[in-house]
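Okay, structure first, notes after.
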Amino acid sequence: MRAQTPYRDADPLGALVSEHPVSIVQQGIRIGVGLFCLLVALDCVALPLFFMPEHEGVELTSLLVFGGAGLVFGALSIWTFSHFSRARGQRVEVHEEGLRIGRGKDTKDVRFHDITSVGGLFWEALGDAPPEVSALWIDDREGNRLRLPTPVRDPYALGRELAARTFEHRLEEAEQRIQEGGRAFFGRCKLDELRLYLGEEDAVLRQEVRRAKLSSRWIEVRLASGGKRLVPTEEVPDADVLLVMLRPKAEA
C-alpha cells in the first residue's frame, strides 16, 4: 500500500476555524409558515364548495375572492418550501485561508485574499468596537457574487471573522483606485479624492464631512453645515471600509 505524503491530505484552505450551518430554528419556522400557507390555500378552495347551499350554486364573486386568496397563499407556500429546500444542509466553514460555502461535496472555496467586497448588514457596536456584520454576500476577483446561506448559526461571529480577515486588502484596493484618479464604489455610495456621492444626484465635498459613523444599521454622515444624511448599510457593501476612509486625517 503506497503511503500518502502529508500535503495530499492537507486542506488547501488550511485548518478549520469555525462552522456556521443554516439555523435549525429558522428552518423550522420556514416549515411552519409553509404548512400554514398551504392549509389556508386548501381552505380557500374548500370553503366555497362545502359551505355554499347546493341550490344556490357557487357565486362568481366567491370564486374570485377565494380563488385569488388560494393562489396567493399557495404561491407563498411554494416560495417558503423552496427556501427551505435550498437552505437544507447549507453551511459556511471558516478556514485559516478562506471560506468553504455549500453542502456535502457541492461546495465552493474562496480565499480571503480573493474576496473584493463584503455586503450585508453592518450594525453599530458598543464603544469603539468594530461594527457587527451579518454578511449576506461576497464578491470575488472574477466578478462573481456569491450569496451566503441565511440565516446561519452565529451570523455575527461569521461576519466579524470575514470582515476582519479581508478588511486590510479591501481598504488598500479602495484607496488605490482613488489614487489612480478614479472612484471607489460602495453600492449606492461612491468616493473620489474630492467628493462623497450618496446617490445619483447627492454629492458632498469630503472636506464638508464632519463625521461619518454607524447609527444602528444606518450610515450617518454629518456635515459641517449642520445637515446630515442617512444611508441603510444593506445598500453599502464594505461599509466598514467607507467609514474608515471618511475619517478626518487626524483620526485615521
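The values are calculated or read from the model by the stated rules, or taken from the named source; none is laboratory data. Small disclaimer: the values here were computed from a predicted structure and weren't measured. Please note: Cβ atoms are built from the backbone with ideal geometry, for glycine as well, and neighbour counts cover all protein chains shown. The protein model used for the area step is the full one, side chains on, heavy atoms only, and it has no ligands, DNA or RNA in it. Shrake-Rupley method; radii C 1.70, N 1.55, O 1.52, S 1.80 Å.
Against the conditions (1) closer than 30 Å to P21 by Cβ; (2) in contact with a helix residue (DSSP H, G or I) (Cβ under 9 Å, 6 or more places away or on another chain); (3) open to solvent by less than 50 Å² (accessible area, probe 1.4 Å); (4) not in a helix (DSSP H, G or I), G102 satisfies every one except (2). Scanning region 108-132 for residues that are assigned to a strand (DSSP E or B) and either open to solvent by 70 Å² or more (accessible area, probe 1.4 Å) or of a type in the set (S, T, N, Q) (or both) gives K108, R111, T116, S117, W123. Residue count for region 152-167 satisfying the condition of being touching a strand residue (DSSP E or B) at 6+ places or on another chain (Cβ under 7 Å) and crowded, with 18+ Cβ neighbours inside 10 Å: 9. Does R145 meet the test of being among the basic types (K, R), in contact with a Phe, Trp or Tyr (Cβ under 8 Å, 6 or more places away or on another chain) and modelled with pLDDT of 90 or more? Yes, satisfied. From the list V244, V231, V236, which one is touching a helix residue (DSSP H, G or I) at 6+ places or on another chain (Cβ under 7 Å), surrounded by 13 or more Cβ atoms within 10 Å (Cβ to Cβ) and closer than 14 Å to W123 by Cα? Matching residue, one of V244, V231, V236: V236.
Look at region 139-168: where a residue is within 15 Å of L99 (Cα to Cα), no partner that is assigned to a helix (DSSP H, G or I) and open to solvent by 70 Å² or more (accessible area, probe 1.4 Å) sits 6+ places away or on another chain with Cβ atoms under 6 Å. Considering region 133-252, the qualifying strands (runs of 3 or more DSSP E), each wholly inside and each with 1 or more residues that are polar (S, T, N, Q), run over 209-215. Can you confirm whether S225 is within 19 Å of P131 (Cα to Cα) and open to solvent by 40 Å² or more (accessible area, probe 1.4 Å)? So S225 fails the test.
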